[in-house]
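Enquirer: Provided herewith is a single structure, encoded as structure tokens, for subsequent inquiry.
The values are calculated or read from the model by the stated rules, or taken from the named source; none is laboratory data. All figures in this text were calculated on a predicted structure; none of them were measured in a lab. Here the Cβ positions follow ideal geometry from the backbone for every residue, glycine too, while neighbour counts run over all protein chains shown.
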Amino acid sequence: MEKKLQLEQIERDLTELCVTIGDRHVGSPGNQKATDYVAKRLASSGFKVEKPEFTCIDWESGEVILKAGNERIEAFISPYSLSCDIESSFETACTFEELTGKDFTGKIAVLHGELCKEQLMPKNFVFYNPENHKQIISMIEEKSPLAVVAITSRNPELAGAWYPFPLFEDGDFNIPSVFLTEEEGRKILSNAENTMYLKIESKRIPSKGCNVIGTKDGSSNQRIVFCAHIDTKKGTPGALDNGAGVTSLLALADLLKDYKGKYGIEILAVNGEDYYAASGQMLYLSENKDGFEDILLAVNTDGTGCKGYKTTFSCFDCKESMGQAIRNAFKDNKKFIEIDPWYQSDHMIFVMNGIPAVALTSENVMEVMTEIAHTPHDKIDKVDSNKIPEIAQAMKDMINGLNDIK
């Protein structure tokens, strides 16, 4: 009966996050409802709850019209783009050298090819920001086009399953921009008239967001952190990315209702993994700049629970006794499998600060990233809710194993 009640609660949590609320992009009403819900659930399991707040930007978009000569082109508004209503000639560039040599004054810049092979990191993103991305953005801003039209292709490593992907997803980039497929782009590149009309209806909305942190004290000053990002991309219900991950934290919290152990427990619903400024991660780093030495281990779950696939775990910088406790907890090879470390989620904010970490995801993580994540298809029917109590129990077993180490 207890397992049945546990599964019923898990299904309620999943439904609330991924169906009733759905889209949880940072700054949105859905994001605020989700953080409120998680805070109440953690408190109901006896955790002390805090909701440290940050400022952010929500974003709304309306009509987009793009014409090359008299031909209508299908285009999409870049997230956080400014609005515009302009008609002008356009200039194209496909390499950084071409971009450097062109005059875009009073023109629309049409970018394609090498310049658009991958999504450019936001100007102020600190975790991963290649020098060539910075150079491209700096050069575009220096050239001051009236707007940017980006012809992009597929890049699942950085843009997930989004096609076409936005070249810019940056509330600090202040040139209006749209993005479109290579097929639509060919209509522009072959246009003989060299005139373009672009109308973008878009609005940035000042807002607030928060992390949700639930804690239980241990007998020592060290703690184990369990984290999952609660936010989604705009327009997706985010079931695998990452409603199932957050739900596993809530299931763990229920299992730890009467917890008493050597190590404190921190459950962190971090808010911003899919947001251009990673505001929740930056806030957490700022608040813990002098407290990382108190973290024994960080465990991140992202993309778990996919139907038909095992849950995987990866260890980062775990010493032998710790690694053994982790592997003992996830020893059931019908449910779990150890894989090589992967680096595309929130465990890296701990690894980069010298903290041992464990990353949990689904065995088909690349398929999730390339075909499901960041799209409207990331629905609750992709999740096997029976996997969530398995993950929660294994995390509890890991805690017990770590507490038993002398």
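Enquirer: When you scan region 178-201, do you find a residue that is hydroxyl-bearing (Ser, Thr, Tyr), assigned to a strand (DSSP E or B), surrounded by fewer than 17 Cβ atoms within 10 Å (Cβ to Cβ) and touching an Asp or Glu at 6+ places or on another chain (Cβ under 9 Å), even just one?
Expert: yes
Enquirer: Here's something else I'd like to know. Could you grab me the full set of residues in region 10-29 that are in contact (Cβ under 8 Å) with a residue 12 or more places away in the chain, assigned to a helix (DSSP H, G or I) and farther than 17 Å from SER248 by Cα?
Expert: Within region 10-29, just ILE21 meets the criteria.
Enquirer: Filter region 355-370 down to the residues that are among the small types (Gly, Ala, Ser) and farther than 10 Å from TRP342 by Cβ, then identify the one that is farthest from the chain's Cα centre (by Cα).
Expert: My answer is ALA357.
Residues are listed down the side, and each one gets a yes or a no for (1) aromatic (Phe, Trp, Tyr); (2) modelled with pLDDT of 95 or more; (3) touching a helix residue (DSSP H, G or I) at 6+ places or on another chain (Cβ under 9 Å); (4) in the same structural domain as LEU17 (by TED's automatic domain parsing):
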position	(1), (2), (3), (4)
PHE336	yes, yes, yes, yes
PRO341	no, no, yes, yes
ILE355	no, yes, yes, yes
VAL368	no, no, yes, yes
ALA373	no, no, yes, yes
GLN393	no, yes, yes, yes
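Enquirer: Enumerate the strands (runs of 3 or more DSSP E) found wholly within region 42-144, keeping only those where 3 or more residues are modelled with pLDDT of 95 or more and within 30 Å of VAL212 (Cα to Cα).
Expert: Output list reads 48-50, 53-68.
Enquirer: Here's a follow-up. Of all residues being part of a loop (DSSP other than H, G, I, E, B) and under 24 Å from the mean Cα position of the chain (by Cα) in region 330-345, which is surrounded by the most Cβ atoms within 10 Å (Cβ to Cβ)? Just the residue, please.
Expert: Filtering region 330-345 for residues that are part of a loop (DSSP other than H, G, I, E, B) and under 24 Å from the mean Cα position of the chain (by Cα), the one surrounded by the most Cβ atoms within 10 Å (Cβ to Cβ) comes out as SER345.
Enquirer: Show the residue pairs that are 6+ apart or on different chains and have beta-carbon atoms under 6 Å apart, the first residue being within region 72-93 and touching a residue at least 60 places away in the same chain (Cβ under 8 Å) and farther than 23 Å from GLY113 by Cβ, the second being assigned to a strand (DSSP E or B) and hydroxyl-bearing (Ser, Thr, Tyr).
Expert: SER83/SER202; GLU87/TYR197
Enquirer: With (1) modelled with pLDDT of 95 or more; (2) within 21 Å of LEU256 (Cα to Cα) as the list, and PRO29 as the residue in question, which single condition is left unmet?
Expert: Exception for PRO29: condition (2).
Enquirer: Kindly provide the set of residues from region 38-53 that are within 23 Å of the chain's Cα centre (by Cα) and surrounded by 21 or more Cβ atoms within 10 Å (Cβ to Cβ), ordered by number.
Expert: Residues satisfying the conditions are VAL38, ARG41, LEU42.
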